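Chemist: What follows is a structure written as structure tokens; I'll ask about it next.
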Amino acid sequence: MAAEEGKVDPMKQFTIEPLFGSDWQLADGFNIAFTNSALWMAITAVMVWIFVAGGMKRELVPGRWQMAVETMTGFIDDMLEANIGKAGRKYVPYIFSLFMFILFGNLLGLVPVGVIPGIHAFTFTSHFTVTGVLAILSFSIVLIVGFWKHGFHFFSLFVPKDTPFVMAVFIAPIEFVSFMVRPFSLALRLFVAMMAGHVLLKVLASFVIAGGGAGPALGAAVGIPSFVLMVAISALEILVAGIQAYVFALLTSLYINDAENLH
Amino acid sequence: MPQIVQIADTISSQVFWLLVFFGLTFLVVGLGMVPKIMGTVDLRDQQIAGDLAAAQAARDAADSEEEAWRKRENENRAAAQALIAEAKAKAAKSAEAKLAKAQTKLDKQLAEAEAAIEAARTSAMAEIEGVAADAARDIVARVAGAQVEPAAADAAVKEVMAHG
């Protein structure tokens, strides 16, 4: 019986379950059931809104909360100014929303709400359908801005500056491929990082449970080190949650820089 | 992996709800709130810069004011110094004049007094001669019993006094 309980499927946490509206259809075949994933997106959106709304007092001398919100907007603003320049300011709303949405989504997936029976945390950023849409959004902005500002001259992005023609013949296809890979790398990086951490935590959790089920001696030998490792990896995951949100926003701003300031 | 196994069933729901909630976040937070927060920050930065500039201007004004005050003060001091020197010179001059006047007056008095003394002395001397001549005559008359002419007595007294 203990062995049965010890069976933890580390992938089950990524399962999407419709909560209600499982027969909602956008069009024929396009099901838009409100799932646990959608619920956590909603929670994330509300949390981001609450966080930012707390900084809306607009006082001359900011309080702690206002200071925290202004630090975040200032952080994104500085990042865009450093990467794009003065023109980067108009992208602050998008990059800020992107950064906060991913950051809060990552962090909320780590909140141990699972201690309450029947409630399971869900990390929507561990689904490449979600990260893919966000990456496509960022990539679309790059394309739209690039072609809007530079027209067909935007294709010169694939030819680095002062490249001899003979070299350009070889370099341009490589640059083109690396450019087209961007949305995939952007989406996969976040998805893989978030999924890997959660899988690792679940695998270690299954070690703790299985070790405990196999008797006190084995439980102490396997369960305790695994649990200690879980605590450490949980701390690491919080760091990863921040870093991945930052990397996503940073790379998006770097790609926008290509479109904004074509060499 | 549920991400792949469920993809056909869930992708439309995932994309739809992500667009809904990320779109809401972008519209409400990104476009609605972030510009206001950045506006507040800009306003504060401007105010701080303005305050600093005003403080600098006030400081410069105070410096120039102090400079002007110092200059004026120096001028006043110089003027006062000049006034004092002038008054001193005037006072010295008038004191000198008064002194000179007093000196001449004193000199005159001294001269008069000396003249008076001289006169008194000569008259006294003349009397003494007279008295001496009479005394000499008396002495001669008593001692020698000889009558001496007053003129001779005078001459003798004069001679003795001149040698004496």
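Throughout, read-outs are computed from the coordinates displayed, never taken from laboratory work. Small disclaimer: the values here were computed from a predicted structure and weren't measured. Here Cβ is always computed from backbone atoms with ideal geometry, including for glycine, and neighbour counts include all displayed protein chains.
Chemist: Go through (1) loosely packed, with under 14 Cβ neighbours inside 10 Å; (2) within 14 Å of chain B (Cβ to nearest Cβ); (3) aromatic (Phe, Trp, Tyr) one by one and return the number of the condition A:Phe122 breaks.
Modeler: (1)
Chemist: Against the definition (assigned to a helix (DSSP H, G or I), of a type in the set (Gly, Ala, Ser) and within 14 Å of chain A (Cβ to nearest Cβ)), how does B:Ala85 come out, yes or no?
Modeler: Criteria not met by B:Ala85.
Chemist: Now for a different question. So for the range B:18-34 (the condition being in contact with a strand residue (DSSP E or B) (Cβ under 8 Å, 6 or more places away or on another chain) and either more than 7 Å from every other protein chain (Cβ to nearest Cβ) or over 30 Å from A:Leu80 (Cβ atoms) (or both)), does at least one residue qualify?
Modeler: Within the range B:18-34, none of the residues are in contact with a strand residue (DSSP E or B) (Cβ under 8 Å, 6 or more places away or on another chain) and either more than 7 Å from every other protein chain (Cβ to nearest Cβ) or over 30 Å from A:Leu80 (Cβ atoms) (or both).
Chemist: Show the residue pairs that are 6+ apart or on different chains and have beta-carbon atoms under 8 Å apart, the first residue being within the range A:116-132 and at positive phi, the second being surrounded by 24 or more Cβ atoms within 10 Å (Cβ to Cβ).
Modeler: Sorted first by the residue in the range A:116-132, then by its partner, the list stays empty.
Chemist: Also, I was wondering about something else. Given the residues A:Ala205, A:Ala214, A:Ala245, A:Ala259, which is the only one that is under 22 Å from A:Thr129 (Cα atoms) and touching a helix residue (DSSP H, G or I) at 6+ places or on another chain (Cβ under 8 Å)? Break it down stepwise before answering.
Modeler: Details: A:Ala205 fails: under 22 Å from A:Thr129 (Cα atoms); A:Ala214 fails: under 22 Å from A:Thr129 (Cα atoms); A:Ala259 fails: under 22 Å from A:Thr129 (Cα atoms).
Criteria check complete, one pass: A:Ala245.
Quick grid of which residues meet (1) among the polar types (S, T, N, Q); (2) closer than 23 Å to A:Thr44 by Cα; (3) assigned to a helix (DSSP H, G or I):
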residue	(1), (2), (3)
A:Gly132	no, yes, yes
A:Ile136	no, yes, yes
A:Leu143	no, no, yes
A:Lys149	no, no, yes
A:Phe155	no, no, yes
A:Lys161	no, no, no
A:Ala168	no, no, yes
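Chemist: Among (1) loosely packed, with under 14 Cβ neighbours inside 10 Å; (2) more than 24 Å from the chain's Cα centre (by Cα), where does A:Asp78 come up short?
Modeler: For A:Asp78, the failing item is (2).
Chemist: Inspect all residues belonging to the range A:44-66 and state whether any of them is in a helix (DSSP H, G or I) and of a type in the set (Ser, Thr, Tyr). Steps first, answer last, please.
Modeler: Restricting attention to the range A:44-66, the residues satisfying the condition of being in a helix (DSSP H, G or I) are A:44-53, A:64-66.
With of a type in the set (Ser, Thr, Tyr) added as a condition, the list becomes A:44.
Looking through the range A:44-66, at least one residue is in a helix (DSSP H, G or I) and of a type in the set (Ser, Thr, Tyr).
Chemist: Same structure again: Counting only residues that are among the polar types (S, T, N, Q) and at the interface with chain B (Cβ under 9 Å from one of its Cβ atoms), which one in the range A:26-65 is farthest from B:Ser12 (Cα to Cα)?
Modeler: A:Thr44
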